[in-house]
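A.B. asks: There's a structure below that I have some questions on.
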Amino acid sequence: MLNRAVRKTVSSASEAPGERASTTVRLTDVTHEYGTGGGFRSRRERTVTALRDVSIEVDPGEIVGLEGPSGSGKSTILHAVTGLLVPTAGTVELHGTDLTTLSDRERTRIRRRHVGIVFQRFHLLSSLSARANVALPLVQAGVPKSARRERATALLEEVGLGDRITHLPSELSGGEQQRVAIARALATDPDVIVADEPTGELDTATGETVLDLLTDLGRDRAILVASHDDTTLSVADRLITLRDGTVVSDGG
Ligand code: ADP
């Protein structure tokens, strides 16, 4: 849990996105086309339809697994939920606020406050210590330095890395780096966590440890996990299956 000073600073540094609704994440009729660029010989730009009329809801405390072959649209859904991507059509709501109607700046602010992201390849900053990586979202949220250090240290202890806080990513194993990434994703106490192949770079045993941490520390939040891996998907309360950008089943 955030200590009071951190919680107060985080919440005052960024507004809550509207009324708290019971559904944390809601995508409605989302279609997305990527422009692929045509090259100088082409007469018109080619596009790839990555999502077609996708509607998904995730409630607080629910872990939803996104499954489907490579190219079926899993990452595009996660990017839409983070607000890093604005779909061509449809709405993406976090707590009832439609991200697609917001400016880039407002979407960034909501992402930083409400969404924790765990990537397949960890995406830690190589020049920063484990603690500085975990504290980074708190810098962006305007949390004072002493509270940031306290929070980052506490989170690293929670993921079992209390003795590695000053290590650089290059001095950590893959599993340890992903544990740092999970601590970083939780730094602002987000209510949504998206994880794209979070165990993709890890061996089975290490992957299971990372999943245990993600689901344990992420409890009570809405979690979306995209993966090909059945063990990873087994943590989900509900599975959504995608094929060619459409939802072919929801609730497996
Ligand atoms: P998945 O995560 O299931 O592998 P993606 O969401 O990454 O699927 O991709 C869905 C479709 O969109 C694929 O056909 C993919 O090639 C295409 N795509 C993804 N990102 C881009 C991009 N930046 N530019 C063009 N096409 C893209």
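A.B. asks: Name every residue in the stretch 95-119 that is more than 17 Å from GLY218 (Cα to Cα) and touching a residue at least 60 places away in the same chain (Cβ under 8 Å), in order of residue number.
C.D. replies: Across the stretch 95-119, the qualifying residues are HIS95, GLY96, THR97, ARG109, ILE110.
A.B. asks: Read through the list (1) within 16 Å of the ligand (Cβ to nearest atom); (2) under 19 Å from LEU217 (Cα atoms); (3) surrounded by fewer than 22 Cβ atoms within 10 Å (Cβ to Cβ), then give the number of the only condition that GLU62 fails.
C.D. replies: (1)
A.B. asks: Just checking, which of LEU155, LEU128 is closer than 26 Å to ALA222 by Cβ and at pLDDT 95 or above?
C.D. replies: Testing whether each residue is closer than 26 Å to ALA222 by Cβ and at pLDDT 95 or above leaves just LEU155.
A.B. asks: If you check every pair at least six apart or on different chains, which have Cβ atoms under 6 Å apart with a residue in the stretch 54-76 that is farther than 12 Å from THR246 by Cα first and a residue that is open to solvent by less than 20 Å² (accessible area, probe 1.4 Å) and among the hydroxyl-bearing types (Ser, Thr, Tyr) second?
C.D. replies: The qualifying pairs are GLU57/THR23; VAL58/THR24; ASP59/THR23; PRO60/THR24.
A.B. asks: Residue under question is THR188, and the condition is that it be farther than 17 Å from ILE63 by Cα and more than 17 Å from the chain's Cα centre (by Cα); does it hold?
C.D. replies: no
A.B. asks: Please report, ordered by residue number, the helices (runs of 4 or more DSSP H) entirely within the stretch 90-165 with at least 2 residues that are closer than 27 Å to SER75 by Cβ and open to solvent by 50 Å² or more (accessible area, probe 1.4 Å).
C.D. replies: Qualifying helices (runs of 4 or more DSSP H): 104-114, 130-140.
The values are calculated or read from the model by the stated rules, or taken from the named source; none is laboratory data. Quick caveat, the model's predicted, so the values are computed rather than measured. All Cβ positions, even for glycine, are placed from backbone atoms using ideal geometry, and neighbour counts span all protein chains on display. Keep in mind that these areas ignore ligands, DNA and RNA; they rest on the heavy atoms of the full protein, side chains included. Shrake-Rupley method; radii C 1.70, N 1.55, O 1.52, S 1.80 Å.
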